[in-house]
Each structure stands twice: as structure tokens, then as C-alpha cells.
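Since the structure comes first, as C-alpha cells, the remarks are kept for the end.
The values are calculated or read from the model by the stated rules, or taken from the named source; none is laboratory data. Here the structure is a predicted model, which is why all the values come from computation and not from measurement. So basically every Cβ, Gly included, is an ideal-geometry build from the backbone, and we count neighbours across all protein chains shown. These area figures cover heavy atoms from the full protein model, side chains too; ligands, DNA and RNA do not enter into them. Shrake-Rupley method; radii C 1.70, N 1.55, O 1.52, S 1.80 Å.
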Amino acid sequence: AQPLMSTTSSMTNAQMLEQHSWAVIGDVLHPTKPARAVAERLEAVGKTVLRVNPRATPASDPGGVLFKNLRDAHAANKVDVIDLIINPRDGLIQMQQAAELGIKAVWIQPGAGSDEIRTLCKENDISVYEGCVLIETPGGH
């Protein structure tokens, strides 16, 4: 049987973790949300992290560190890998932008994936890995 994704263009989770610039999409400033822990862990292991929250407001982002969408984040600093940790409906919108921008790798946290997202990625030759950054990086539990 043929693999679903082409092995020549598909990036493994280990290869994704070698990339430097990550966009974490989710509730990245909320103190008790996993998205914040993921963003902080990636920074702790030396990554450049762009925080994306489509629902950001001036009140929720007093420091002005959030991007409202992937397009703005990518314009500020080229994104190598997306960490998707948001509901799949919002995630699909951001992944449509990823396809337009030519971003070729997404790490989908548990609960953030959908068949629509996986299909979009397959059609646009975007490597997909589904797992938890907090478990698979140094310092993980």
C-alpha cells in the first residue's frame, strides 16, 4: 500500500523540532491554557515564537505581543512550523492562510485537528505531525 503522504516532502516531528521559527496559534497568553505553556516551552528550547490568537483584543494583549492571524505573524518573521492548539474551526482558517503563505509544516496538538485540516494539508503538501510539544521537547513530562 502507498503511504498517504509523500515521503520525499514530509517532515518528521524531529525535523520540525530542528526548525527555528514557530507560530503558536491559540490562547497563548492565558496563564492556565496549554497554548501558553507550549509557547514558553518552545522559547525555553531556543525557538523564536510568534504568538497568534484570532480572538486577541487590546484588553487580552496589553503588551501588544499577539498577532491576530498567521499572515501578520509571517510578515513580521518567516514561520517555519505552526503549532496548532486552537479549536479546529479557527485552526482551519489559519491553515488556509498557511497554504497561501507556503508554510510547509504543522504540529497539531491533541484536540486541534480535524479531517478538514488534514485534507487541506495533504492537498497543499504541508507536513503534519500530531502530538504534544510539551511531551516531546526537553523538560517534557
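Under the 0.36 nm per residue contour assumption, what length would be gained going from the current alpha-carbon distance of R55 and T12 to full extension?
Numbers: separation 43, 0.36 × 43 = 15.48 nm, distance 3.02 nm.
Extending this stretch completely gives an extra 12.5 nm.
Debye calculation, C-alpha points only, no solvent: report log10 I(q)/I(0) for segment 55-141 at q = 0.14, 0.15, 0.17, 0.22 Å⁻¹, in the same order as the q values.
-0.52, -0.59, -0.75, -1.11
Would you mind counting up the charge near V81? Only other residues with Cβ under 10 Å from its Cβ, with Lys and Arg at +1 and Asp and Glu at -1. Intermediate results must be reported in sequence, preceding the final value.
Details: positive: K47, K104; negative: E18, D80, D83.
Local charge sum for V81: -1.
Counting only protein chains, not ligands or nucleic acids, how are S10, S21 ordered by accessible area (probe 1.4 Å), most first?
S10, S21
What does the charge count around D27 come to, taking other residues whose C-beta lies under 12 Å from its C-beta (Lys +1, Arg +1, Asp -1, Glu -1)? Kindly include the intermediate steps, with their values, before the conclusion.
On the way: positive: K33, R36, R51, R55; negative: D61, D90.
Computed value for this residue: +2.
I'd like to check one number: the per residue accessible area of segment 13-132, probe 1.4 Å, reported in Å² as a whole number.
Working: 5580 Å² over 120 residues.
Per residue, segment 13-132 has an accessible area of 46 Å².
Would you please give the FRET efficiency between A37 and K122, computed as 1/(1 + (r/R0)^6) with r the Cβ-Cβ distance and R0 = 25 Å, to the nearest 0.05? Please list the in-between numbers first.
On the way: r = 29 Å, r/R0 = 1.16.
Step by step, r from the Cβ atoms, then E = 0.30.
Of the heavy-atom accessible surface of segment 4-141 (probe 1.4 angstrom), what whole percent is carbon and sulfur?
Values: 3700 of 6880 Å².
The computed percentage sits at 54.
Label points 7 Å out from Cα along the Cβ direction at D72 and Q19: separation in nm?
2.2 nm
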